[in-house]
Amino acid sequence: MLMLSRVAENLYWVARYIERAEDTARLVNVTSHLMLDMPERQPLGWSAMIDITGGAEAFERLYDERTDHNVVQFLCADRHNPGSILSALALARENLRTTRDVVPREVWEGVNQLYMTACSQAECGLGPSCLDLFLGQVINGCQTLTGLVEGTLSHGEPRTFMLLGQQVERADMTTRIIDVRSGNLLPRNDDEILPFVHLQWMSVLKSLTAYQMYRQHVRLRVCAVDVLTFLLQDPHLPRSVARSVRDLSDALQDLPRHERALAAATRIRADVAEADVSALVSSPEALSAFIDEVQVGLGRLHDAIALTYFPSIHALGEVEPINVAQA
């Protein structure tokens, strides 16, 4: 089978956008419930969501202040925000529209239906009474799509590139959540907030759908060192950085010309595995610097995949157009 670079790139981004929509929906959902349990004066509010998603610059262009309403609108339904849930679903739909002949029809129909349902719900408003319904539909729809791909798409290049996109996006979101949330959660001398630190670390786990697995496998009270070790280094948790990069590395070996991308992935795996989490927790600045290094590594990994396999890099003059598989 010959697979064009353009098709591979589209599928890679379909998976990234679906993962982005689900992760953002989970993050908004968990934060909205956390805010109900927090004291009126607390350091972890809706504003931090903008930083987690990397949308500060875009937000400042579109809104005057970080109110609850503005942040929810920006993250969920603002078409001018390329990282919003609706934008991610629209981009997933458009990328798949031109390549839908390489995936089962049910996958295309699922993406199309999820996009239309989310648009319809967003048009009805995202007030407190409607937000849970909107987020629940998005999360369930994305999970259904992941299941469809897993259960119906043959093992081959289309599936491999979708897995690459999913795992790069997943690892990126995990590091973003750790970076921004840990800045508010690591040791501080605030007696008003101290009783709620346990609750906030629970919200970090729930943001990544990892709370129940933490309770089953770690079997310890929720605390900074154990949570960060679990999210960074656990080899079994699907959303840990270590597991995401391992699955990505395994998938890369099914592709030709994988040396550059695999080297980038191997470096990330080594950095994460060798990290002294206890030392990082004792120094918020060191943890932030470490997460920055991992995120830079993920950026290099994405660039290596793009330079090797995708046509959008041709303008840089670094690679020639290729077919992913040779005849």
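The values are calculated or read from the model by the stated rules, or taken from the named source; none is laboratory data. Just so we're clear, the structure is a prediction, and the values are computed from it rather than from any experiment. All Cβ positions, glycine included, derive from the backbone under ideal geometry; neighbour counts span all protein chains shown.
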For the structure I just gave you, tell me whether residue 17 is on the phi < 0 side of the Ramachandran plot, without any contact (Cβ under 8 Å) to a residue 12 or more places away in the chain and not hydrophobic (A, V, I, L, M, F, W, C).
no
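For the range 134-176, give me each residue that is out of contact with any helix residue (DSSP H, G or I) (no Cβ under 8 Å at 6 or more places or on another chain) and touching a residue at least 40 places away in the same chain (Cβ under 8 Å).
156, the sole residue that qualifies.
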Conditions (1) within 18 Å of residue 180 (Cβ to Cβ); (2) without any contact (Cβ under 8 Å) to a residue 40 or more places away in the chain: number failed by residue 287
(2)
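Let's see how each residue does on (1) closer than 26 Å to residue 215 by Cα; (2) within 19 Å of the chain's Cα centre (by Cα):
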position	(1), (2)
237	yes, yes
273	yes, no
281	yes, no
297	no, yes
301	no, yes
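Taking the range 20-47, which residues are surrounded by fewer than 19 Cβ atoms within 10 Å (Cβ to Cβ) and modelled with pLDDT under 80?
Those that are surrounded by fewer than 19 Cβ atoms within 10 Å (Cβ to Cβ) and modelled with pLDDT under 80: 33, 35, 36, 37, 38, 39, 40, 41, 42, 43, 45, 47.
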If you go through the range 65-103, how many residues are among the polar types (S, T, N, Q) and outside any loop (DSSP other than H, G, I, E, B)?
4
Only one of these is assigned to a loop (DSSP other than H, G, I, E, B) and either under 20 Å from residue 16 (Cβ atoms) or hydrophobic (A, V, I, L, M, F, W, C) (or both): 131, 126, 114, 135. Name it.
126
